[in-house]
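See structure below.
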Amino acid sequence: MNTNVIFTYLPEYTEAFVLTIRIAWLGIAIAFGVGIISAFVLYFKIPTLSAIVKIYIELFRNTPLLVQLFFIYFGLPRIGINISAETCGIFGLGLLGGAYMAESIRSGLDTVSESQIKSASALGMTRLQIFRFVIFPQAVSVSIPALLANVIFLLKETSVFSAISLMDLMFTAKDLIGLYYNTVECLLLLVVFYCLMLLPVSIIGGYVEKKVRFGMFGV
């Protein structure tokens, strides 16, 4: 292993790391927004919208991200919709993640039994108070592990962005290996940077999960 090669490649990996992080977290933010809205539509059984959301969830959960990216990046221009590779990555990840987030949040909401809701209503609580003090705390506690797993899953899914020519970590590694054949050094840097991206999320997520479960965040 040549350490000089590793230090030579560091700037390129750092640039790719920043790009990957930016796209990933913008996509995850969209995923949370889409997931929350979709989960509420399903939970409150809003007519017509519920059917649309169910179709969306099944479609995106049962097709690979790579296929979705190809459709957005190569398919949409055929009908006059042209978007950049970075925008494609953000929205592709956001739509895929939204489908998974929706199911995680909805399952958390569904864990609250009807008897608890009726009891709270009998005590004179408003619908908003029931949601704030009865449904929401329990739903968050149950959903946190699944949401954390979804975030880690989405971060790892960024590895397919290289297929649409985004200069992410995977693209950089493959490009440098193809040019200079320093396979071990390139793969080592790839593993290190993915660990730098994923380990903090796993550690912080575990801490947040523990705090939420013991009610230390006031939810």
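The values are calculated or read from the model by the stated rules, or taken from the named source; none is laboratory data. Just so we're clear, the structure is a prediction, and the values are computed from it rather than from any experiment. For neighbour counting, all protein chains shown are included, and Cβ atoms are generated from backbone atoms with ideal geometry for every residue, glycine included.
Results for (1) within 19 Å of the chain's Cα centre (by Cα); (2) exposed (fewer than 13 other Cβ atoms within 10 Å of the Cβ), shown as yes or no for each residue.
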| residue | (1), (2) |
| --- | --- |
| Tyr9 | no, no |
| Glu12 | no, no |
| Val18 | yes, yes |
| Arg22 | yes, no |
| Phe32 | yes, no |
| Tyr56 | yes, no |
| Gly80 | no, yes |
| Cys88 | yes, no |
Glu114: among the acidic types (Asp, Glu), loosely packed, with under 12 Cβ neighbours inside 10 Å, at pLDDT below 95 and out of contact with any Asp or Glu (no Cβ under 9 Å at 6 or more places or on another chain), yes or no? yes
Answer yes if at least one residue in segment 119-131 is over 29 Å from Ile164 (Cβ atoms), aromatic (Phe, Trp, Tyr), under 23 Å from the mean Cα position of the chain (by Cα) and at pLDDT below 90, and no otherwise. no
Where the second residue is part of a helix (DSSP H, G or I) and polar (S, T, N, Q) and the first is within 16 Å of Gly94 (Cβ to Cβ) and lies in segment 49-73, which pairs have Cβ atoms under 8 Å and are six or more apart or on separate chains? Val53/Ser38; Tyr56/Ser38; Ile57/Ser38; Phe60/Gln68
Qualifying residue in segment 201-214 (condition: out of contact with any Ser or Thr (no Cβ under 9 Å at 6 or more places or on another chain), buried (at least 20 other Cβ atoms within 10 Å of the Cβ) and under 30 Å from Ser84 (Cβ atoms)): no
